[in-house]
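What follows is a short report on a single structure.
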Amino acid sequence: MSELNNLALKILEKGKGILAADESNGTMTKRLESVKVSSTPENRLLFRETLFSATSMTECIGGVILYDETIKQETLKKNKIPELILKMGSFPGIKVDTGAKILAGSPEEKITEGLDGLRERLKEYFKLGAKFTKWRGVYNISKSYPSKLSMQSNAHALARYSALVQECNMVPIVEPEVLMDGDHSANECYKKTSEVIKKCFEELILNKVDLKGIILKPNMILAGNKSKDKISNEEVAKLTLQCLKNSVPSEVPGIAFLSGGQSEIEATENLNLINKYNNTNFIMSFSYGRALQQSALKIWSKDTGNIEGTQKVFNHRAKMNTLAAQGRWSRDLEI
Ligand code: 13P
């Protein structure tokens, strides 16, 4: 077994998933201000450190995606953040793209940037303790989108990023996110997501990326958030499985979904059903940002010194999602 394959499997072993705590300072500021906490480096660190030292890190969280600021921060007790994460039994990872910018030639769409100087940045992150990385391509759905240009250029960037990351002995998380914004149907999401993912693998293969040493981070197949034709959770699970079965090469060891604006319970319930019906060899787990942190952030914002209360809420969500990643969650376990 290759080293990278081994690492990808370890991150997602036994129902473990990934905590996406890699919000850029801009996004984190929005999250903190929404609960009336000022977005200082100290507050950003305090919230994150509270989560990273929670007991569920050992049993439920196989990896944490960090932002550039956080990977370089130290706790009050002078522990480096990657060391704290490793000590808790999880692996530190890092977001390495520099954000989605307007795509020249199709200005309503986005292209993710960050390839220039990436090889040097990766070496630095590796030295700081990162074992895996993340790059997010983002696509919106409408009649004419995502365009061929956006699919081609984002897939190209994701593949060049992945090749550089593996060269540096880390596992790339490949995240093509088809957004849920809009009034499109679930079938439309299915069609566009399949196209996007197939294009990504075409480019990954062209760039000689070892597919056994990546983790795919896709969206689930959902109707748009403004669509009138909502579908059941069972249908979400079945369409998601069908889509991935048809578009992901079998060498890929693991798939870790993003939550993408689903509520905490919805994200857990859908993951649980995906695992109940999973007739593939892929591990199906989570790499949630909002769906792991929302309730914890709310509690913490009321009293930023309430470490125990915040960790209790976070531990519960982490545990629920670990059960869902094994198809063992049920609604009556929610409090
Ligand atoms: P959400 O689960 O909040 O969508 O965040 C996951 C992520 O990493 C987005 O890039």
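Take Ile215 and decide whether it is modelled with pLDDT of 95 or more, touching a strand residue (DSSP E or B) at 6+ places or on another chain (Cβ under 7 Å) and within 22 Å of Ala20 (Cα to Cα). Judged against the criteria, Ile215 is a match. Close Cβ contacts (under 8 Å, 6 or more residues apart or on different chains) running from residues in segment 223-251 that are more than 14 Å from Lys191 (Cα to Cα) to residues that are open to solvent by 90 Å² or more (accessible area, probe 1.4 Å) and part of a loop (DSSP other than H, G, I, E, B) comprise Lys226/Asp183; Ser227/Asp183; Lys228/Asp183; Ser250/Asn281.
Reported count of residues in segment 180-202, each being part of a loop (DSSP other than H, G, I, E, B) and either modelled with pLDDT under 95 or open to solvent by 50 Å² or more (accessible area, probe 1.4 Å) (or both), is 2.
When the residues of segment 3-36 are filtered to those that are among the hydrophobic types (A, V, I, L, M, F, W, C) and open to solvent by 10 Å² or more (accessible area, probe 1.4 Å), which remaining residue is nearest to Met320 (Cα to Cα)?
Pass one, segment 3-36, residues among the hydrophobic types (A, V, I, L, M, F, W, C): 4, 7-9, 11-12, 18-21, 28, 32, 35.
This time we only want the ones that are open to solvent by 10 Å² or more (accessible area, probe 1.4 Å), so: 4, 7, 9, 35.
Working: Leu4: 28, Leu7: 23, Leu9: 20, Val35: 24 Å.
Among residues in segment 3-36 that are among the hydrophobic types (A, V, I, L, M, F, W, C) and open to solvent by 10 Å² or more (accessible area, probe 1.4 Å), the one nearest to Met320 (Cα to Cα) is Leu9.
Just name the residue that is surrounded by the fewest Cβ atoms within 10 Å (Cβ to Cβ) out of those in segment 295-311 that are in a helix (DSSP H, G or I) and without any contact (Cβ under 8 Å) to a residue 12 or more places away in the chain.
Keep residues of segment 295-311 that are in a helix (DSSP H, G or I), which gives 295-302, 307-311.
From what's left, without any contact (Cβ under 8 Å) to a residue 12 or more places away in the chain: 302, 308-309.
Values: Lys302: 12, Glu308: 9, Gly309: 15.
In this case the residue turns out to be Glu308.
Show me the strands (runs of 3 or more DSSP E) entirely contained within segment 66-156 in which 1 or more residues are touching a residue at least 60 places away in the same chain (Cβ under 8 Å), at positive phi and away from the ligand (no atom under 16 Å from the Cβ). Break it down into steps so the answer makes sense when it comes.
Working: elements: 91-95, 100-103, 106-112, 132-139.
Once the strands (runs of 3 or more DSSP E) in segment 66-156 are filtered for at least 1 residues that are touching a residue at least 60 places away in the same chain (Cβ under 8 Å), at positive phi and away from the ligand (no atom under 16 Å from the Cβ), nothing remains.
State whether one or more residues within segment 122-143 are more than 21 Å from the chain's Cα centre (by Cα) and modelled with pLDDT under 95. Yes, the conditions are met somewhere in segment 122-143.
Condition check: modelled with pLDDT of 95 or more, within 29 Å of Trp329 (Cβ to Cβ) and either open to solvent by 50 Å² or more (accessible area, probe 1.4 Å) or more than 15 Å from the ligand (Cβ to nearest atom) (or both). Does Ile205 satisfy that? Even if it seems obvious, please write down each step before you answer.
Numbers: modelled with pLDDT of 95 or more: yes; within 29 Å of Trp329 (Cβ to Cβ): no; either open to solvent by 50 Å² or more (accessible area, probe 1.4 Å) or more than 15 Å from the ligand (Cβ to nearest atom) (or both): yes.
No: the conditions fail for Ile205.
The values are calculated or read from the model by the stated rules, or taken from the named source; none is laboratory data. Because the structure is a prediction, the values reported are computed rather than measured. Neighbour counts run over all protein chains shown; Cβ positions are idealised from the backbone, glycine included. Side chains are part of the model used for accessible areas, which takes the heavy atoms of the whole protein and leaves out ligands, DNA and RNA. Shrake-Rupley method; radii C 1.70, N 1.55, O 1.52, S 1.80 Å.
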